[in-house]
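Undergrad: Handing you this structure, nothing more for now.
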Amino acid sequence: MWHFEILGFNHPLRRDGSEKIMEIVLLIIRLILFGVFAVSGVSKLLDPEGTEKAMRDFGTPDEFARFFAVGLPFAEIVFAVCFLFVSMSWLGAAGALVLLLTFIGGMLWQIKLGRAPDCHCFGQIHSEPVGIKSLVRNIVFAVLAILLLVQGREDQGLDLATSSTGMLQMVLILFLVVVGVVLLGYLVKLTAQQNEIVRRLSVLELTGGEPGAVERNEAGNPGDALPIGAPLPDFAIPDLNGRTVTFEHLLGENKPFLFVFVGAQCSPCEQLFPEILEWETEFAGKLHFVLVSHGDVEVNRQKFGQSQGTVLVERDREFATAVYAKWTPTALFVDSAGNIASHPAAGDVAIRRLIERIRTRDLNEEFLYFLGMNGHRKPDIGRQIPSFAATDITGREITNEFFTSRTTLVAFTSPSCGHCGKLIREIRDWETKNNGTGPQILVFTDGDPDEEKKHGLRAPVIVDKGFKTAGKFGMRGVPSAVLVNEKGTIVTEAAIGSPNIWSLIGEKVS
């Protein structure tokens, strides 16, 4: 049996009752803060990816996010241990208060910007969007830390134990309690995930057991997408009342859009629809929801007629195919200027993740976009092009001044690329058709100047051996292209292949 003296019962009896009560209160405060910071620190360490993501969502630069994802939980654990020792408790309270004030300041700033990033306060055990609840909780903890600080270094309450053996035993017990809480939290999380898997299996069984189930071999890869920054293809689709709705009409509202592609016979869509209704209420006035379905109008009215947004019903899914929304359900975020601002989120899980990320952002910020979940490389959107001066194949001097006249499609080609010859021919045909109107084009190539002259392009062609300059423009292989605005800012991700390249300027080239 273990024997240890705790709660200071060996203290002199001459102390009056009020002092004793105060010492017990201070001990309770220390134990509360120990539990909070220990559980928080351990949980964050066990979920480094989630902690790093939370850092980025709060605006931490990428180069520092990984460092703080380790440093923050380490600091929390150190301060938690300090609360176990009377001699170190005051220092622990000071450090904890600094962290808490930093958290509070960050939350207030996010709330001011209208964002609600996931606080990731207790790692995977418990996480919630920043709001009044999480703000008040941190303020309460900060007040407890302040109470310890004002007591001074020498008056931090009762000792947990009066001997080294007793202290070791108590620390071990508290450590086991923390581990138990963390494991319990993970068990709850795993149970929720298991329930989600069971729900999804039920949906699969339902769809797989329906008579006449259709193979979707033509659906393609859900990772396919039009490039971020490209204008959304125009459409003219009837709504549930038979009125034809065009994208130009919707743009007049000056709000970003979430297009959700659904189907009346799609069971996952039916499962997701109640959540869509909740999101429409949550983002009312900030985000315009557009549901795009297909098939019979009356059937779609019964399925999706409760939507507060716009419900469109295509005949043959032409628009859905044009934006690579070949799977249902799929969501696509479009900014208020009408430009594609996300990769397609295919499936209910991906859509929920997209919604979570939308909650963390100011929907009015410049160059707002959301990458897909398939390992897409971060684009150079919002970055200024480098200062440069080069001579094209005709002897013209091309500098940054070239971009100030109008929007520029910067294309990257190579004679060693079989698809690049097709793009060059398309550029030549486009120049003839447009006759100097629309965006201008600048071509980088690693070919021979004399051979490049034979193509007869009006656009400047810069021979860039090794693509040393082109690489600074966001080049991603050949053929590829980016769009640069009149301020010299890259405004799209790199489009790969001829169809996507032309989509950057809203063109279709057969």
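Please treat every number below as a calculation from the coordinates, not as lab data. These figures come from a predicted structure and were not determined experimentally. No Cβ is skipped: glycine too gets one built from the backbone with ideal geometry, and neighbour counts run over all protein chains shown.
Undergrad: Where does each of 438-448, 419-429 land if you order them by average Cβ count within 10 Å, highest first?
TA: The peptides rank, most packed first, as 438-448, 419-429.
Undergrad: Let me ask something else about it. Ranked highest first by average number of other Cβ atoms within 10 Å, how do 241-251, 478-488, 66-76 line up?
TA: Ranked by mean Cβ neighbours within 10 Å, highest first: 478-488, 66-76, 241-251.
Undergrad: At a 10 angstrom cut-off on C-beta neighbours, averaged per residue, how do the peptides 84-96, 141-153 rank from highest to lowest?
TA: Listed from highest to lowest mean packing, they are 84-96, 141-153.
Undergrad: I'd like to know how region 221-359 sits against the 2.2 N^0.38 Å rule of thumb: what's its Cα Rg over that expected value?
TA: Compactness ratio reported: 0.94.
Undergrad: Run down the aspartates and glutamates and flag those whose C-alpha is under 17 Å from the C-alpha of residue 20, throwing out any fewer than 8 positions away in its chain.
TA: 5, 154, 155, 159
Undergrad: Which entries of 286/378; 44/133; 433/472; 378/472 have Cα-Cα distances beyond 22 Å here?
TA: In this structure, 286/378; 433/472 exceed 22 Å between Cα atoms.
Undergrad: Moving on. So what's the gap between the Cα centers of region 344-363 and region 45-77, to the nearest angstrom?
TA: Centre-to-centre distance over Cα atoms comes out at 21 Å.
Undergrad: Taking residue 465 as the anchor, which lysines have their alpha carbon closer than 23 Å to its alpha carbon, excluding any fewer than eight residues away along the same chain?
TA: The reachable lysines, counting only those whose Cα sits under 23 Å from residue 465, are 422, 453, 454.
Undergrad: Another one. How large is the charge dipole for region 371-510, taken about the Cα centre, if only the Cβ atoms of Lys, Arg (+1) and Asp, Glu (-1) carry charge, to the nearest 20 debye?
TA: 320
Undergrad: Same structure, new question: Could you list which residues have their amide H under 5 Å from that of residue 291, counting only those 5 or more apart in sequence or on another chain, with H placed in the peptide plane?
TA: Counting only residues 5 or more places away or on other chains, the set is 260, 310, 311, 312.
Undergrad: Which log10 I(q)/I(0) values does region 259-333 give at q = 0.14, 0.22, 0.23 Å⁻¹ under the Debye formula, counting every alpha carbon as one identical point scatterer?
TA: These q points yield log10 I(q)/I(0) values of -0.38, -0.97, -1.06.
Undergrad: Another question, then. Once the dipole of region 460-510 is set up with Lys and Arg at +1 and Asp and Glu at -1 on Cβ about the Cα centre, which of 479, 467, 504 lies farthest towards its positive end?
TA: Most positive-ward Cα: 467.
Undergrad: How about residue 303: which aspartates and glutamates have a C-alpha closer than 19 Å to its C-alpha, ignoring those fewer than 8 places off in the same chain?
TA: Result set, ordered by chain and number: 210, 239, 270, 275, 278, 280, 314, 316, 348.
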